[in-house]
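Enquirer: The structure's right below; bear with me while I get my questions together.
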Amino acid sequence: MAPPDPLLAASLGAIARDIDSLFDALLPAGATGVLAQAMRHAAIGGGKRLRPLLLTATAAMYGVDRTQALRAGTAIEAIHAYSLVHDDLPCMDDDDLRHGKPTVHKAFGEAMAVLVGDALQAFAFEVIADPATSGDPFVRAELVEVLARGAGAGGMVGGQALDITAEGAALGMREITRLQQLKTGALLGAAVEMGAVMGKVASEGRSHLRGYARDIGLAFQIADDLLDHQGDAAKAGKALRKDAAAGKATFVGLMGAERAREQAQMLVDQAIAQLASHGNEADVLRALARYIVERDH
């Protein structure tokens with residue numbers, strides 16, 4: 001795979017450093033006990049940090065202070081981290097590795113892993129409700145609403161529930177698309193929307209950004225299915241080829257690898273077209289869309 005273009009490579013490096021730094025500063029210190037240690041294990045180090053990059057890149061287009069946008073990015077990444085902790089549990093996907101290190105339940109036990117997820121979710125809303133994230137209480141309230149909607153029963157958690165109940169079922173394209181729009185796409189969409197909220201873009205002025213997020217969300221999941229089907233577990237830092245073994249319906253299983261790859265590329269092209277009204281201030285978002293289908297982990 002070709003490396004990401006220089007702008008995106010720099011952006012990915014910067015967001016990884018900044019989010020780790022903020023987690024380090026804001027999460028409880030290890031001296032407060034095992035829960036704090038386990039939260040830090042789950043949140044610091046590893047991961048592509050795509051959601052905070054989407055949020056901060058969108059916010060930057062509208063002149064939002066980066067320090068404040070990073071706080072919101074840390075909040076959405078905390079939600080993502082909690083979802084992975086719970087997703088890895090034996091009652092869910094039963095994974096031993098995440099980002100190349102033991103999953104939280106392997107390192108700290110199942111009960112502690114449940115509590116870590118709960119605590120990270122609460123931490124996320126504590127961060128975005130803090131005036132340090134935005135001095136405007138209306139912006140903070142809308143950030144809370146957008147993140148809660150993207151993370152809850154009508155978003156990420158709802159998609160995960162559909163995924164569990166659909167195991168072994170013969171799903172069609174519409175059902176798989178709906179499932180993934182919730183499980184993966186909702187939080188990616190929330191990241192873009194939160195960046196626009198911080199930029200005080202009116203709801204009616206965000207439709208093209210919602211379209212962009214919807215397209216990259218589906219492209220991301222198709223790329224994930226392709227990686228699970230034929231990727232390198234060492235690069236992924238987690239077990240692969242588990243979906244087929246679990247009887248889960250995937251885009252690759254339904255369309256075949258070649259057609260799935262073409263569909264992902266079409267969605268990326270469509271996502272980039274959604275940004276036609278923006279100039280070079282949207283270049284990170286464009287590069288990120290292309291990276292989603294080019295990545296190898």
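The values are calculated or read from the model by the stated rules, or taken from the named source; none is laboratory data. Nothing here was measured: the structure is a model prediction, and the numbers come from that model. Here the Cβ is made from the backbone with ideal geometry for all residues, glycine too, and neighbour counts use every protein chain on show.
Enquirer: Which count do you get for residues in the stretch 197-227 that are under 17 Å from the mean Cα position of the chain (by Cα) and of a type outside the set (Lys, Arg)? Spell out how you get there, then give the answer.
Expert: First pass over the stretch 197-227, keeping only residues under 17 Å from the mean Cα position of the chain (by Cα): 209-225, 227.
Then keep just the ones that are of a type outside the set (Lys, Arg); that gives 209, 211-213, 215-225, 227.
Qualifying residue count for the region: 16.
Enquirer: Moving on. Just a yes or no: is a residue in the stretch 219-231 among the charged types (D, E, K, R) and either over 24 Å from residue 82 (Cβ atoms) or modelled with pLDDT of 90 or more (or both)?
Expert: Restricting attention to the stretch 219-231, the residues satisfying the condition of being among the charged types (D, E, K, R) are 224-225, 228.
Within this subset, residues satisfying the condition of being either over 24 Å from residue 82 (Cβ atoms) or modelled with pLDDT of 90 or more (or both) are none.
No, the stretch 219-231 contains no residue that is among the charged types (D, E, K, R) and either over 24 Å from residue 82 (Cβ atoms) or modelled with pLDDT of 90 or more (or both).
Enquirer: Just the residues that are of a type in the set (D, E, K, R) and touching a helix residue (DSSP H, G or I) at 6+ places or on another chain (Cβ under 8 Å), please, taken from the stretch 117-138.
Expert: Residues of the stretch 117-138 that are of a type in the set (D, E, K, R), as a first pass: 118, 126, 130, 136.
Residues satisfying the conditions are 118, 130.
Enquirer: Next question. What pairs come out if I take residues in the stretch 258-271 that are within 15 Å of residue 287 (Cα to Cα) and touching a residue at least 60 places away in the same chain (Cβ under 8 Å) and pair them with residues that are of a type outside the set (Gly, Ala, Ser) and surrounded by 15 or more Cβ atoms within 10 Å (Cβ to Cβ) whose C-beta lies under 8 Å away, six or more apart or interchain?
Expert: Partner pairs satisfying both residue conditions: 271/212; 271/215; 271/216.
Enquirer: Test of understanding: among 204, 167, 193, 142, which residue is acidic (Asp, Glu) and in a loop (DSSP other than H, G, I, E, B)? Break it down stepwise before answering.
Expert: Values: 204 fails: in a loop (DSSP other than H, G, I, E, B); 193 fails: in a loop (DSSP other than H, G, I, E, B); 142 fails: in a loop (DSSP other than H, G, I, E, B).
The match here is 167.
Enquirer: Hey, another quick one. Could you grab the pairs with beta carbons closer than 8 Å, sequence gap of 6+ or different chains, first residue in the stretch 177-192 and farther than 20 Å from residue 282 by Cβ and in contact (Cβ under 8 Å) with a residue 60 or more places away in the chain, second one of a type in the set (Ser, Thr, Tyr) and surrounded by fewer than 23 Cβ atoms within 10 Å (Cβ to Cβ)?
Expert: 187/83
Enquirer: So for the stretch 31-39 (the condition being loosely packed, with under 15 Cβ neighbours inside 10 Å, under 20 Å from residue 140 (Cα atoms) and over 19 Å from the mean Cα position of the chain (by Cα)), does at least one residue qualify?
Expert: Scanning the stretch 31-39 turns up no residue that is loosely packed, with under 15 Cβ neighbours inside 10 Å, under 20 Å from residue 140 (Cα atoms) and over 19 Å from the mean Cα position of the chain (by Cα).
Enquirer: Which condition from (1) part of a helix (DSSP H, G or I); (2) in contact (Cβ under 8 Å) with a residue 12 or more places away in the chain; (3) closer than 21 Å to residue 256 by Cβ is the one that residue 174 breaks?
Expert: (2)
Enquirer: Let me ask something else about it. May I ask you to list the residues in the stretch 74-106 that are surrounded by fewer than 17 Cβ atoms within 10 Å (Cβ to Cβ) and either part of a strand (DSSP E or B) or on the phi < 0 side of the Ramachandran plot (or both)?
Expert: 90, 91, 92, 96, 97, 101, 102, 106
Enquirer: Among the residues in the stretch 40-49, are any outside any helix (DSSP H, G or I), closer than 21 Å to residue 201 by Cα and not polar (S, T, N, Q)? Full working, then the answer.
Expert: Pass one, the stretch 40-49, residues outside any helix (DSSP H, G or I): 44-49.
Next, from what is left, pick out any that are closer than 21 Å to residue 201 by Cα: none.
Within the stretch 40-49, not a single residue is outside any helix (DSSP H, G or I), closer than 21 Å to residue 201 by Cα and not polar (S, T, N, Q).
Enquirer: Something else now. With respect to the numbered conditions (1) under 18 Å from the mean Cα position of the chain (by Cα); (2) of a type in the set (Val, Ile, Thr); (3) modelled with pLDDT of 90 or more, which one is the sole condition not fulfilled by residue 272?
Expert: Condition (1) is where residue 272 drops out.
Enquirer: Determine, yes or no, whether residue 120 is buried (at least 21 other Cβ atoms within 10 Å of the Cβ), of a type outside the set (Lys, Arg) and in a helix (DSSP H, G or I). First the steps, then the outcome.
Expert: Details: buried (at least 21 other Cβ atoms within 10 Å of the Cβ): yes; of a type outside the set (Lys, Arg): yes; in a helix (DSSP H, G or I): yes.
Yes.
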